[in-house]
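These notes are about the structure you will find just below.
Please treat every number below as a calculation from the coordinates, not as lab data. Everything numeric here is computed off the predicted structure, so don't read it as measured data. Reconstructed Cβ throughout: ideal geometry from the backbone, glycine too, with neighbour counts over all protein chains shown.
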């Protein structure tokens, strides 16, 4: 049996309580009011191994939820990236996944809405579909959302035309300049076909590498 030697509210975080234990592997647990009420915690209460394990699990999940809420309060995150960041903070994988699922269930995270936001952001900065897909992958956006989010993306013609004009400034390019511009556009995530068509519109031809 493990006895609670002291139960007191946290001086730093409202709604959190500190549970000091005697004779257990965990000398201190941080819980919320929900766990205090659910487990009827009080100084002097004795917990058997099963009850202690349940309390530790509940405390871990509450901590994961609180940490996850703070993370998405700082900036939007995809569900997969949120789970990854929670695990990096030494939160058990099952608690991290449960916390992320809880936030998704209440509508606090939404991979599709987040993916559409990324599309608008990177399109406005003159990036193409491949760059945006790279960002989806890097930010661990669910692949189920990729195609639907990319439907928000307008045809790349105008963006490519603006970038070519910015680089060539109305000059007739030589082969070296064409290669430099095409490589630049490829790095920004545009396909070779779209690049070739853009250069053709500009008045130059480009053979696909």
request  = Once you have a ≥ b ≥ c as the square roots of the Cα gyration tensor eigenvalues for segment 111-150, tell me rounded if a/c is under 1.5, and otherwise prolate or oblate according to whether a/b is larger than b/c.
outcome  = prolate
Proportion of all alpha-carbon pairs of segment 121-209 beyond 15 Å (%) = 57 percent
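If R₀ is 41 angstrom, what is the calculated FRET efficiency for the pair residue 152 and residue 11, using the beta carbon separation as r and rounding to 0.05?
Efficiency at R0 = 41 Å is approximately 0.30.
I need the calculated FRET efficiency for the pair residue 191 and residue 167, taking r as the beta carbon distance and R₀ as 22 Å, to the nearest 0.05.
On the way: r = 18 Å, r/R0 = 0.81.
Step by step, r from the Cβ atoms, then E = 0.80.
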ask   = When the Debye formula is applied to the Cα atoms of segment 142-194, each taken as the same point scatterer, what base-10 log of I(q)/I(0) results at q = 0.15, 0.21, 0.27 Å⁻¹?
value = -0.51, -0.81, -1.12
inquiry  = I need to check one value: relative contact order of segment 157-202, counting alpha carbon pairs closer than 8 Å and at least 6 residues apart, in percent.
reply    = 58 percent
key: Angle in degrees between helix 129-138 and the longest Cα principal axis of the chain, rounded to the nearest 10   = 20 degrees
inquiry  = Give me the percent relative contact order of the chain, please, defined on Cα pairs under 8 angstrom at least 6 residues apart.
reply    = 14 percent
query = For the chain, what does -39500 (n - 2.57) per DSSP helix run (n ≥ 4), summed and divided by total residues, give at 222 nm, in deg cm²/dmol to the nearest 500?
reply = -18000 deg cm²/dmol
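Determine the relative contact order of segment 111-150: mean sequence separation of Cα pairs under 8 Å and six or more apart, normalised by residue count, in whole percent.
Relative contact order here is 63 percent.
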ask   = Extension gain residue 69-residue 105, at 0.36 nm per residue separation less the Cα-Cα distance, in nm?
value = 11.7 nm
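Take the Cα radius of gyration of segment 2-105 and divide it by 2.2 N^0.38 Å, with N its residue count; two decimals is plenty.
Cα-based Rg divided by the globular estimate yields 1.13.
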ask   = Which length gain, in nm to one decimal place, applies between residue 18 and residue 133 when the Cα-Cα distance is subtracted from 0.36 nm times their residue separation?
value = 36.9 nm
request  = Would you please give the FRET efficiency between residue 28 and residue 113, computed as 1/(1 + (r/R0)^6) with r the Cβ-Cβ distance and R0 = 35 Å, to the nearest 0.05?
outcome  = 0.35
Selected from 181, 172, 141 as most flexible by GNM, with the chain as the system and alpha-carbon contacts under 10 Å = 172
